[in-house]
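S.K.: This is the structure I want to talk about, given as structure tokens.
The values are calculated or read from the model by the stated rules, or taken from the named source; none is laboratory data. On a predicted model such as this, the values are computed, not experimentally measured, just so you know. All Cβ positions, glycine included, derive from the backbone under ideal geometry; neighbour counts span all protein chains shown. Ligands, DNA and RNA are excluded from the accessible area calculation, which covers all protein heavy atoms including side chains. Shrake-Rupley method; radii C 1.70, N 1.55, O 1.52, S 1.80 Å.
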Amino acid sequence: VGLNIEQPKDDWDHMLGTLIEETYHRLQIELCPAAGGGTATDFSDLTAVDTGDERYDALYAMITYSMLEGVANLVSGPFASDDLPGKVEPGSELMSRFVDEVIEQWGVEDVDAFISEGLRNNGPLYGLGWKLASLIEEKSGKQAVVKYQGMGAVPFFLEGAKIAEDNGEPILANKVVAAITILSGKI
């Protein structure tokens, strides 16, 4: 893990949060399963899957990136970006658009644009993943976040979505949950 010292300037809290997040990302390679149960050596091993359907392979990447970034921000605690709550709704909307355009309309040529939009400049997928991780933690504790992260992005997303629904504040559209459920059967 490295950080250019000129990046923090006088924002030491931001620097500490970044160091915590990036260090945790290295640990996630050990904690999270690679698709198919193999051993991961980097993030790409965690986000890649071969379902036989490139639309669902891309959905797997979207939700995995969201989980990885969201949990890392949760771990950063008070040093996490304070704009994460404002990114939850845009993250949910991005997932809905992704299902509309990639899953339902076979728009696989747009996958990279969706992933870039979700991740660029700590984008909306960070907030969505953070909120799902926060809900799991609030309901079942920190160890549950580790447990679901270790089970993979599909169970993590489905559990977070169920908790939100049970709380009367659904985060993911039904079509997104349905697409993730279909993905579950493909991996």
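S.K.: Ordered by packing density, taken as the mean number of other Cβ atoms within 10 Å over each peptide's residues, highest first, how do 158-170, 127-139 rank? Display every interim value, and only then the final one.
M.R.: Details: 158-170: 16.1, 127-139: 23.5.
Packing proxy ranking, top to bottom: 127-139, 158-170.
S.K.: Computed over the Cα atoms of region 117-187, what is the convex hull's projected area averaged over all directions, in nm²?
M.R.: So the Cα hull casts an average projection of 5.1 nm².
S.K.: With no solvent and one equal point scatterer placed on each C-alpha of region 125-165, evaluate the Debye formula and give log10 I(q)/I(0) for q = 0.26 Å⁻¹, two decimals.
M.R.: -0.82
S.K.: Give the angle, between 0 and 90 degrees and rounded to the nearest 10, that separates the Cα long axis of helix 124-140 from the longest principal axis of the Cα atoms of the chain.
M.R.: For helix 124-140, the angle is close to 90 degrees.
S.K.: Sticking with this one: Translational D (Stokes-Einstein, µm²/s) of the chain at 25 °C and 0.890 mPa s when Rh comes from the Kirkwood sum over C-alpha pairs?
M.R.: For the chosen part, D equals 148 µm²/s.
S.K.: Mean residue ellipticity at 222 nm from the helices of the chain, using -39,500 (n - 2.57) per DSSP H segment of n ≥ 4 over the full residue count, to the nearest 500 deg cm²/dmol? Mind showing how you got there, number by number?
M.R.: Values: 9 runs with 121 residues, N = 187.
The per-residue figure over the chain is -20500 deg cm²/dmol.
S.K.: Measure nothing but the geometry: give the 0 to 90° angle between the long axis through the Cα atoms of 12-31 and the longest principal axis through the Cα atoms of the chain, rounded to 10°.
M.R.: Tilt relative to the chain: about 50 degrees.
S.K.: For the chain, take the longest principal axis of its alpha carbons; what is the angle in degrees between that and the long axis of helix 174-186, to the nearest 10 within 0 to 90?
M.R.: 80 degrees
S.K.: Would you kindly calculate the mean projected area, averaged across all directions, of the convex hull enclosing the Cα atoms of region 23-115, in square nanometres?
M.R.: Answer in nm², one decimal: 6.5.
S.K.: Over the chain, what is the mean sequence separation of C-alpha contacts under 8 Å (at least six apart), divided by residue count, expressed as relative contact order in percent?
M.R.: Relative contact order for the chain comes out at 24 percent.
S.K.: At a 1.4 Å probe radius, carbon and sulfur cover how many percent of the accessible area of the chain?
M.R.: Roughly 50 percent, rounded to a whole number.
S.K.: By its C-alpha gyration tensor, with a ≥ b ≥ c as the square roots of the eigenvalues, how is region 32-82 shaped: rounded for a/c under 1.5, else prolate for a/b larger than b/c, else oblate?
M.R.: Oblate.
S.K.: Follow-up. Using a 1.4 angstrom probe, figure out how much accessible area the chain has per residue, in square angstrom, rounded to the nearest whole.
M.R.: 50 Å²
S.K.: Taking the inverse of the average 1/r across all pairs of different Cα atoms in region 72-116, what Kirkwood radius in Å do you get?
M.R.: 12.1 Å
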